[in-house]
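The values are calculated or read from the model by the stated rules, or taken from the named source; none is laboratory data. Since this is a predicted model, take the numbers as computed values, not measurements. For neighbour counting, all protein chains shown are included, and Cβ atoms are generated from backbone atoms with ideal geometry for every residue, glycine included. Please note that ligands, DNA and RNA were not included when accessible areas were found on the heavy atoms of the full protein model with its side chains. Shrake-Rupley method; radii C 1.70, N 1.55, O 1.52, S 1.80 Å.
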Amino acid sequence: MIVGVLALQGDFEAHRRILEGLGAEVREVRTSAGLEGIDALVIPGGESTTMTLGIESEGLAEPLCDLVRAGTPVLGTCAGLIMLGRDHLGLLDVTARRNAFGRQVHSFEADLELGGIDGGPLRGVFIRAPWVEEAGEGVEVLARLEGHAVAVRDQGILAVAFHPEMHGDSRLHQWLLARASERNGEIDK
Ligand code: GLN
């Protein structure tokens, strides 16, 4: 199982550690060649404007979108959620509002129950986090904070507004790996 972690910018190292802890082989993806043969993808938090520039200069948008449209599961966190949304890669039918909790509110933490993720609340770290302003049909809202959607899913795409990796909670990464092995099983049949 090879999990690609988009490593143009942002906190990809933390995702790498969690995934390796779960026994996955991790590949830091910086070019389109790096996307070849991966079973799942993580788009980390960081800065969506910088990430967009990196994706453009590497010509990554098209191969990345092809991969996800073919069913490769993806986990997007924070800026990763923004990248998946309508205004960027357009893989997830949501409008993300950047810095939605207020720029001045640099960072805070909250415990969230996510639909479909067992084991009690997950401690999310929100750093200049977005929220989902509007979600299309087919997008399931898994968690809200102050009434705003902060975790959403559409089939194999899971996107959260916060950083689940900072306290070492690996449940969303486990979800990603489970989804990838389920899909690999279907392909092998
Ligand atoms: N505010 C950042 C952006 O708009 C996202 C912050 C994050 O990923 N922690 O890209």
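Things to note:
- Remark: the range 7-12, residue by residue, has Karplus-estimated 3J(HN,Hα) of 10, 6, 5, x, 9, 5 Hz, where x stands for each Gly or Pro and the curve is 6.51 cos²θ - 1.76 cosθ + 1.60 at θ = phi - 60°.
- Summarising the amide proton neighbourhood of residue 29: residues at separation of 5 or more, or on other chains, whose placed amide H is nearer than 5 Å comprise 5, 6, 7.
- Label sites at residue 57 and residue 103, each approximated as a point 7 angstrom past Cα along Cα to Cβ, lie 2.3 nm apart.
- Approximate spin-label separation residue 70-residue 1, in nm, with each point projected 7 Å along Cα-to-Cβ: 2.0 nm
- In this simple spin-label model, placing a label point 7 Å from the Cα along the Cα-to-Cβ direction at both residue 17 and residue 186 gives a separation of 3.4 nm.
- Highest-MSF residue in the chain out of 133, 20, 146 [GNM, Cα springs under 10 Å]: 146
- Solvent-accessible area, 1.4 Å probe, carbon plus sulfur percent, for the range 22-154: 44 percent
- Each Lys and Arg adds +1 at its Cβ and each Asp and Glu adds -1 at its Cβ; summed about the Cα centre, the chain shows a dipole of about 260 debye.
- Candidates 66, 11, 39: whichever shows maximal mean-square fluctuation once the chain is modelled as a Gaussian network with Cα springs under 10 Å: 66
- The slack in the chain from residue 31 to residue 140, taken as 0.36 nm per residue of separation less the alpha-carbon distance, amounts to 36.1 nm.
- Sequence of 108, 126 from largest to smallest accessible area, 1.4 Å probe: 108, 126
- Shape analysis of the chain based on the Cα gyration tensor places the equivalent ellipsoid semi-axes at 23, 19, 16 Å, largest first.
- Counted over the range 1-45 with a bin width of 10 Å, the fraction of Cα pairs per bin, in whole percents, is 33, 59, 8.
- Separation between Cα centres of the range 1-76 and the range 111-160, rounded to whole Å: 20 Å
- Alpha-carbon Rg/Rh ratio, for the range 1-87, with Rh computed the Kirkwood way: 0.92
- Highest mobility in the GNM of the chain, judged by mean-square fluctuation with C-alpha springs under 10 Å and restricted to 89, 176, 158, is found for 89.
- Value of relative contact order over the chain, rounded to a whole percent, pairs C-alpha under 8 Å and six or more apart: 20 percent
- Per-residue ellipticity at 222 nm, computed for the chain from helices alone with -39500 (n - 2.57) per DSSP H run of at least four residues, works out to -8500 deg cm²/dmol.
- The HN-Hα couplings worked out from phi for the range 154-163 by the Karplus form 6.51 cos²θ - 1.76 cosθ + 1.60 (θ = phi - 60°) are 9, 6, x, 10, 10, 9, 10, 7, 10, 9 Hz, whole numbers, x standing for Gly and Pro.
- Accessible area expressed per residue, the chain, with surrounding protein chains retained (probe 1.4 Å, Å²): 44 Å²
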